[in-house]
Amino acid sequence: MSIIHQAIAPCSKCGAETTINVYKSINTADNPELKAKVKDGSIFLWECPECKTVNLARYETLYHDPEKKLMVWLVPEGEISESQMQAITMHTKAMGGYTLRRVSDMGDLMEKVLIHEAGLEDHVLEMCKYVTKMEMMAKITGEDQQKEFMAAPFHFYRTEGDGDDRLITFMYALDGKMQGVNIGWNVYNDCLGIVERNPIMKPADGFERIDAGWLYSKMR
């Protein structure tokens, strides 16, 4: 069941206070219309009725897609209590086959949902991002430019095509502009082989944070 509260939020521009919906939990079985709003980020946006400024609402929420067996816990600040994590982890383990993830911002929640919808594995995509970045960085001259590029997060955007002809698109921000890069399906298969040959790269049970930091910790 989705749990929706109301909260008073001040506009970031004019300061006018507005009552907004805060989704403490999102269940796509009960409210299928919310999935699209999570995927495009609109569920976290609200317009000030006074000055029409579009604001971003930051709050904790638990996204649950029973059909896809996906739970993503968005925790913008602080940590999830161990008791909460253990209780939900045990509950989903009893139901079997669930993917549990923890993220810290709206963009990461959107990405996890998009990845799962595409039938891909997020830990494999993190390896794809790393391999792609290293290949692209080799063509960049200048140490400062290389550092700036490596610091720019890659985000999964979409897949195109069918079968082995599929392309995977990553988006990233550089020099104030959004840019994209495509990789072939062969890159994904190669990275899948790498993680399968290295058990240390298998995500643990529970709400694990799978991102670039997670990958680097496994490669040390």
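The values are calculated or read from the model by the stated rules, or taken from the named source; none is laboratory data. Quantities reported herein were computed from a predicted structural model and do not represent experimental measurements. Neighbour counts run over all protein chains shown; Cβ positions are idealised from the backbone, glycine included. To get the accessible areas, we keep the full protein, side chains included, count just its heavy atoms, and leave off ligands, DNA and RNA. Shrake-Rupley method; radii C 1.70, N 1.55, O 1.52, S 1.80 Å.
For the reader, a short list of remarks on this structure follows.
- Tensor-based shape of segment 168-220 (alpha-carbon gyration tensor, a/c under 1.5 rounded, otherwise prolate or oblate): oblate
- Only protein heavy atoms count here; on that basis, with a 1.4 Å probe, ASP165 has an accessible area of about 130 Å².
- Cα gyration tensor category, rounded, prolate or oblate, for segment 56-131 with a/c compared to 1.5: oblate
- Each of the peptides 60-67, 85-92, 196-203, 166-173 was scored by the mean count of other Cβ atoms within 10 Å over its residues; in descending order, highest first, they stand as 60-67, 166-173, 85-92, 196-203.
- Within segment 20-99, the proportion of C-alpha pairs whose separation exceeds 20 Å stands at 41%.
- Beta bridges assigned by DSSP with both partners in the chain are antiparallel in approximately 75 percent of cases.
- Surface share of carbon and sulfur [accessible, 1.4 angstrom probe, percent] for the chain: 50
- Here the contact order of the chain, divided by its residue count and restricted to Cα pairs under 8 Å and six or more residues apart, works out to 15 percent.
- Over the residues of the chain, the helix contribution to mean residue ellipticity at 222 nm works out to -11000 deg cm²/dmol, using -39500 (n - 2.57) for each DSSP H run of at least 4.
- Computed over the alpha-carbon atoms, segment 10-63 gives an Rg to Rh ratio of 1.02, Rh here being the Kirkwood radius from the mean inverse distance.
- Descending semi-axes in whole angstrom, ellipsoid equivalent of segment 17-159, from the Cα gyration tensor: 29, 23, 15
- Among beta bridges from DSSP that stay inside segment 1-107, the antiparallel ones total about 65%.
- One quarter of the surface of the convex hull around the alpha-carbon atoms of segment 122-176 equals 4.5 nm², the direction-averaged projected area.
- Accessible area per residue for the chain is 56 Å², calculated with a 1.4 Å probe on protein heavy atoms, without ligands, DNA or RNA.
- Segment 113-150 versus segment 174-212: alpha-carbon centroid distance in Å: 8
- Equivalent ellipsoid dimensions for segment 89-220 as semi-axes, Å, which come from the Cα gyration tensor, largest first: 26, 17, 16
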